[in-house]
Amino acid sequence: MTEKVGEHVMTMSTLETQVASQARPPDAWRHLSVSETSRVAVLIALLIAGQAITPSFLSLANIHVILLAVAAIGIMAYGMTLVVITGEIDLSIAGIAILSCIAGGLMIPTGSAALVIGTTLLTGLAIGLINGILVAALGIPSLITTLGMLGISRALANIFSGGQALYPEPIAAYLWLGRGDLVGIPLPVVLLVVLGAAAIALTKYSIFGRALYATGGNVKAAALSGINVVGVRAVVFAISGACAALAGMLESARLSYINPAGFEGMELSVLAVTVLGGASLSGGSGSITGTVVAALIIGIVNNLLNQLGVSIYLQQVVTAAVILAVVMPGMWQRGIAK
Amino acid sequence: MSAPLLEVKSIRKTYPGVIALSDVTFDLKAGEVHAVVGENGAGKSTLLSVMNGLVAPDSGEIRIDGQPVVLNDPTVALANRLALVHQELVLCPNLSVAENIFLGREPAGRLGKTRAMLNRMAKDLLDQIHVNLDPSRAVGELSLNEQQIVEICRALACRPRVLVFDEPTASLNDDQVVHLLAVIRKLKANGLGIVYVSHRLSEVMQISDRVTVLRDGSVVATRDMAGLNEAALVALMVGREHKPGQSAYKERRCGDVALETKAIGKAGVFDDISLQVRTGEIVGIAGLLGCQREAVVRAIFGDQSIDRGEIRVQGRKVQLRSPRDAIAFGIGFMPADRKREGLILPMSVGDNIAMTILRRLGRLGFMKRRQRNATANSLVRTLAIKTNGLSQLASQLSGGNQQKIVIGKWIARGGDIVIAEDPTRGVDVGAKFEIWRTIQDLAEQGKAILLLTTELQEMMDACDRILVMSRGRVTGHFHRKDFSAEAIAHCFVA
């Protein structure tokens, strides 16, 4: 008999929750599951539309083109997603990418691929870690820290390179990163997939992942439960830095050209992908799978517009409109936007 | 006879698969305090939402002064001079006390004058309820208790005729409750009708003229409070006999000193605090708001620093620079504010329970999911946490069940020392009893427990010893056999 009573009380308390959530819509920021479906729906619609517009759309060659185009932005967005889940933001990624590539590029005369690639990645990791320490240990808001770091690293890249582009031609392994392939799949695409899988494992199945969401969900409660919230935030910024350096290297290798003025405004495109992927800037939510789908949406839209010969400026307008179109229905449904 | 001030007639509200309210009827006269009580899930929240215009009923009507009204929005309720004092604090931390009280209802006036006027008007309201609070202070700087006062003043500022209190005293201490009840009596004498919802039955008994008991969405009884005792009221609420105030206290044998502080102090906050908690012992720290007992337990948990004195765990002197240090030494801390400090609300029940033992659950960095589920499930069972499953979000549980998660995660951790800060705040009668029993069980298992509660009676029921603090110092020390509310209260102001 007691069991029956318990059951009844349980349904009633779930019900009170329903009432409560009706009364307080801002909680909906936390789980945009509706926009998860709308995201996937948009992706499928785009695939169908694409095939209808250009018959070669779903050809292997064009799929490679699309994936290659989103590889860099996708890899950066993995790092950004981790940062945003903790409730922080990383606006320095474009700066980190360019400074790391220049630092690595300065090693080209040594002729050692390991030195060039290693320096690039370690520089990104180190700058990211500095971001993390400034934010997590010293408590400087990430918006300010990373905005400052963006300026500093862009300026340093210009100083170190004398404003001149560097050319990685002598380093075959470096070029291979951007242009080579593994069993017919372009290497940047391989890295996009492998790192995506690793990031999914990290966020969904690791104990670090739990600490990550806890830190973003309620930093005080996480700290009082013994989570190393300083460490978690330092690590995500370091990962974001390394992702930025890698993405920068893939692009530089593809173009065989390290441009000290490159990646202008990249941080905002990456942030857009992350938000489109369902991560809330208030922290505690977001997923790598969402980010992957979001990156694909952006990649396909740009690919289609390119094929239709639409100007780059109009492309930017359309991309922004797509983001609004995907994000908004979910919000309406939850009553966030009126 | 004139019509009652407020009539709620045959209200019915269903959600898919559940009847939230079925045929709920009650009325409120001017100058009356009418309490609504019931366990969590009895339908109180839905009823309040209906009265406040947040939820539209399926059928039934609400009359004010005999006139049917359609309350389809909280602003309509306010226009009908029906105001709700929220249980949850919905204040702007960056604005002043006065600005919060009159938010959206600021009187017109010249720019410079308005602020002074607001402060004066706020001061009047605060004086009405005998609270000495500077109206120009930012709400973000206030303690939880003081913020609750602001919330009450906000409702009063609407000059309501019907005032609905939803758990107004959940975070107030005994002293402030007395003040609040005095204010309510004054409001009542002014002819206001007051609906009073609270888990604290002693208050309900003191303040109410009539009481309506809800159980499973229906009215079980509406009675005059005169001639009704607490046991009878609880019996109506839970539908079975159930002794209130019973703490499940058991005689226990206490062992060695597990936790000891020697003359610890922090400049300007507290000083010369020495205490000992032995294994299997429950020691309470009593005191009024501002006695700094919260700061002392936070220092013991490494969340705040100390300037002098030493902390010893199992006889060893320890340096606690962070909660992580304290946890490593086997100390657990159940904070009073479970939403802000105890739980990660957007995460699941299972994740929250596992939060203290993540490292143990890792294999090569991956979560041992089966072991996590086994641990969490067994705690859900032992603590009788009512949940749909481990993946339900913590935010979706009732207060009592959320509190049980906070307790559960420290049981999972298995440390020898537990600091429990107001473990039954805002929790319904049934869950309250279960929580006290759990705390007694923990002591029985040999844990050393340091307890803070706002209700002195609860502390006297549960503890082996009580220390009393006033203005950052220890002013009294009582053994169970010497417990007396009067003697302890005397030390509050020493």
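Bear in mind these aren't lab numbers, they're just calculated from the coordinates by the rules spelled out. Keep in mind that this is a model prediction, so the values were computed, not measured. We place every Cβ from the backbone using ideal geometry, glycine too, and count neighbours over all the protein chains shown.
Odds and ends about this structure:
- Per-residue mean of foreign Cβ neighbours for B:352-359 is 5 (Cβ atoms of other chains, 10 Å radius).
- Region A:83-114 residues near the modelled A:Trp176 label - backbone nitrogen below 12 Å, point 7 Å along Cα→Cβ: A:113-114
- Taken about its Cα centre, the protein assembly as shown carries a charge dipole of about 740 debye when Lys and Arg each add +1 at the Cβ and Asp and Glu each add -1 at the Cβ.
- Stokes-Einstein D for the protein assembly as shown, Kirkwood Rh over Cα pairs, 25 °C, 0.890 mPa s (µm²/s): 82
- Dipole axis of chain B (+1 Lys, Arg; -1 Asp, Glu on Cβ), positive-most option in B:Ala354, B:Met117, B:Leu28: B:Ala354
- Protection proxy ranking, highest mean first, for peptides A:239-247, B:327-335: A:239-247, B:327-335, where packing is the per-residue count of other beta-carbon atoms within 10 Å, averaged.
- Two-site label geometry, A:Ala61 and B:Arg473: point separation in nm, points 7 Å out along Cα→Cβ: 8.9
- Along the axis of the charge dipole computed for chain A (Cβ charges of +1 for Lys and Arg, -1 for Asp and Glu, origin at the Cα centre), the listed residues A:Pro186, A:Gly262, A:Leu143 are led at the positive end by A:Leu143.
- Built amide H within the under 5 Å cut-off of A:Ser285, gap 5+: A:Ser280
- Across region B:297-447, Cα pairs under 8 Å and at least six residues apart give a relative contact order of 27 percent.
- Neighbouring Cβ atoms from other chains, within 10 Å of the Cβ of residues in B:338-346, number 6 on average.
- Amide H contacts under 5 Å for B:Val195, placed H, 5+ residues apart: B:His34, B:Leu163, B:Val164, B:Phe165
- The simple Förster model, with R0 at 60 Å and r as the Cβ-Cβ distance, assigns B:Arg480 and A:Ala198 a FRET efficiency of 0.55.
- Using the Karplus relation 6.51 cos²θ - 1.76 cosθ + 1.60 with θ = phi - 60°, the per-residue 3J(HN,Hα) values for region A:81-88 come to 4, 4, 5, 5, 4, 6, x, 10 Hz, with x marking Gly and Pro.
- Share antiparallel - DSSP beta bridges, the protein assembly as shown, percent rounded to 5: 60
- Scanning residues 5 or more positions from B:Asp58 or on other chains, those with amide H under 5 Å from its amide H are B:Arg12, B:Lys13, B:Thr14, with H placed 1.01 Å from N in the peptide plane.
- When peptides A:117-129, A:36-48 are sorted by average Cβ neighbour count within 10 Å, with the highest value leading, the order is A:117-129, A:36-48.
- P(r) tail fraction, chain A - alpha-carbon pairs more than 31 Å apart, %: 37
- Extension reserve of the B:Asp65-B:Ala232 stretch, reckoned as 0.36 nm per residue once the Cα distance is removed: 56.9 nm
- Placing unit charges on the Cβ atoms only, positive for Lys and Arg and negative for Asp and Glu, gives region A:53-329 a dipole magnitude near 400 debye about its Cα centre.
- Peptides A:312-321, A:210-219, B:269-278, A:75-84 ranked from most to least packed by the mean count of surrounding Cβ atoms within 10 Å: A:75-84, A:210-219, B:269-278, A:312-321.
- Those aspartates and glutamates that a straight Cα-Cα span of less than 13 Å connects to A:Lys204, excepting residues fewer than 8 apart in one chain: B:Asp351
- Comparing Cα centroids, region A:262-326 and region A:55-110 end up 13 angstrom apart.
- Whole-Hz Karplus values for region B:222-235 come out as 10, 10, 6, 5, 4, x, 10, 9, 4, 4, 5, 5, 4, 4 Hz, taken residue by residue from phi with 6.51 cos²θ - 1.76 cosθ + 1.60 and θ = phi - 60°; glycine and proline positions read x.
- Entries of B:Lys262/B:Lys404; B:Lys317/B:Lys368; B:Lys13/B:Lys409; B:Lys123/B:Lys188 with Cα pairs more than 25 Å apart: B:Lys262/B:Lys404; B:Lys317/B:Lys368; B:Lys13/B:Lys409
- Karplus 3J(HN,Hα) series, Hz, for region A:224-237 with 6.51 cos²θ - 1.76 cosθ + 1.60 (x for Gly, Pro): 6, 8, x, 6, 7, 5, 5, x, 4, 5, 4, 5, 5, 5
- The simple spin-label model puts a point 7 Å past each Cα toward its Cβ; for B:Ala267 and B:Ala374 those points are separated by 5.3 nm.
- Hydrodynamic radius by Kirkwood, which averages 1/r over all alpha carbon pairs of region A:164-319, in angstrom: 17.8
- Ellipsoid semi-axes in whole angstrom, largest first, where each is sqrt(5λ) of the Cα gyration tensor of chain B: 39, 28, 23
- Dimensionless Rg/Rh of region A:50-138 - Kirkwood Rh, Rg from C-alpha atoms: 1.14
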